[in-house]
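Written out below as structure tokens is the structure these notes cover.
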Amino acid sequence: MIDSEISLKWLESLKEPNGKLKKIQENGRKNFYKINFPSNKDEDWRLININNLKSFLRVSKPKESKAKFKEQYPILKTTLKNIYKIELDPSNNLDKEKSLPKGIEKLTQSELDVYLGKAINDCKRDSSWPILLNESSANQVIGLKVKGNSLPIIEIVIPAIEDSVSSTRLIIKVEENTNLDLVQVILGSKDSAQSNLTEIIASKNSHINHGLIALGGGDASLLSNLAITQEVSSEYSFTFLQEGWRFSRLEPSFLQNSGGAKTTLKGLQISSKSQEICTHTWVRFNGPEGELDQLNKASAKDNSHTSFNGVVQVPRAAQKTKASQLSRNLMLSKRAKIDTKPELEIIADDVRCTHGATVSQLQEDELFYLMSRGIGSKQANKLLLEGYYKEILTGLPLYEDRWSFLNNLITENSK
């Protein structure tokens with residue numbers, strides 16, 4: 001079956017456009033069919049196994065029954081009272097919520113008309129294949145507006161629906177002078193596939209600490225895209241983890257609209273068996289005195305594959321930009337494969353920008369040091385991996401209290 005037929009057959013399996021996103025669905029389907037199916041000749045898709053995308057478009061209609069996310073994510077139980085949890089699946093649009101915590105409101109239809117798709121367009125991602133896929137199939141959207149300095153932590157859980165492609169969409173408008181802690185958890189199980197699209201608008205002088213945890217299982221697949229725009233004096237910290245997916249591709253895009261903002265990105269990819277875990281980031285400064293601090297880490301074992309592509313654009317208007325981008329990678333098997341491609345595109349001449357990449361194994365001298373002090377080889381490996389992972393994971397909101405289960409990942413991947 002040729003690639004265009006795969007796309008057409010998938011589109012024909014979808015229900016008729018309906019709901020709040022009807023017009024977006026109609027436009028998305030028209031453009032999705034017109035756009036060329038990704039191939040390894042495309043620079044953005046050069047490093048991946050295209051067959052993983054073809055299998056993503058399996059013809060399986062979303063199931064109406066609600067996913068049993070508590071079975072997939074048992075650590076939801078917590079004694080903390082300052083968390084507002086949202087269970088997001090294709091049928092949940094918050095209409096059943098009678099009241100929201102102080103400082104959190106639903107976007108009205110007129111506000112959705114203004115803001116929905118704005119960050120995507122500003123980041124020039126409106127013709128991206130994964131985004132058009134989501135726009136073609138998502139029929140509901142969670143739209144929130146948040147304001148204040150005493151907000152609860154917003155935790156959004158996106159459960160898997162087995163043997164089905166699930167398309168979910170989220171947009172959050174963060175008002176001026178607002179401090180927000182946001183956590184997204186995306187889950188995969190068995191033969192599920194997740195398409196998620198998130199837009200966040202960070203207004204002037206807002207401070208956002210955003211964590212995204214993508215935990216797969218079985219033959220689950222994930223395509224997750226984020227488009228974030230930042231205004232002057234905003235600070236955005238984004239910490240993310242991908243692990244356990246047969247195929248996963250995370251694409252965060254950040255635009256500093258007028259410069260004068262700060263962006264911190266910390267990412268971790270963990271792959272094993274025959275998994276393929278990918279991260280593609282894009283950051284652009286459209287004004288002076290912007291800052292970026294980016295660290296991306298990956299570990300690959302067995303015959304798995306991880307890839308990282310990080311693009312940083314500094315046009316002439318972005319004088320006095322400070323940007324640091326580093327990709328550090330651990331090869332835990334001779335059969336594993338790691339690709340890394342940090343990119344700086346600089347036109348401005350008064351900047352301080354650096355980038356770098358390393359691929360290595362666990363350091364023998366460090367292992368020897370630990371073992372010479374009576375620590376067994378397995379425990380020594382675990383300790384080194386723990387330090388390697390936790391440099392990223394400590395950036396997650398509520399790490400110590402909420403994410404202790406991540407220690408299991410360290411144990412499993414140190415074997």
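The values are calculated or read from the model by the stated rules, or taken from the named source; none is laboratory data. Small disclaimer: the values here were computed from a predicted structure and weren't measured. So basically every Cβ, Gly included, is an ideal-geometry build from the backbone, and we count neighbours across all protein chains shown. Ligands, DNA and RNA are excluded from the accessible area calculation, which covers all protein heavy atoms including side chains. Shrake-Rupley method; radii C 1.70, N 1.55, O 1.52, S 1.80 Å.
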Rounding to the nearest 20 debye, state how big the charge dipole of the stretch 210-315 is about its Cα centre with +1 on each Lys and Arg Cβ and -1 on each Asp and Glu Cβ.
260 debye
Sequence gap at least 6, Cα distance under 8 Å: using those rules, report the relative contact order of the stretch 208-293 to the nearest whole percent.
32 percent
So what is the relative contact order for the stretch 243-310, in percent, with contacts set as C-alpha pairs under 8 Å and at least six apart?
41 percent
Between L344 and E16, what length in nm is gained on full extension when 0.36 nm per residue of separation is reduced by their alpha carbon distance?
113.8 nm
Express in Å², to the nearest 10, the accessible area of T108 obtained by rolling a 1.4 Å probe over the protein heavy atoms while all chains stay in place.
70 Å²
Checked the stretch 226-277 with the C-alpha gyration tensor, a ≥ b ≥ c its square-rooted eigenvalues, rounded below a/c of 1.5, otherwise prolate if a/b is larger than b/c and oblate if not; verdict prolate
What is the dipole size for the stretch 304-352, taken about its Cα centre, with +1 at each Lys and Arg Cβ and -1 at each Asp and Glu Cβ, in debye to the nearest 20?
300 debye
Mean separation of Cα contacts under 8 Å (6+ apart) over length of the stretch 221-363, as relative contact order %:
20 percent
Taking amide H atoms as placed 1.01 Å from N in the peptide plane, list the residues 5 or more away in sequence, or in a different chain, whose amide H sits under 5 Å from that of A227.
T198, E199, I200, S253
Quick check: from the Cα gyration tensor, does the stretch 249-309 come out rounded (a/c under 1.5), prolate or oblate?
prolate
Quick one: Kirkwood hydrodynamic radius for the stretch 210-333, alpha-carbon pairs, angstrom, one decimal?
14.9 Å
Inter-part distance where the stretch 249-324 and the stretch 105-141 are each reduced to a Cα centre, Å
22 Å
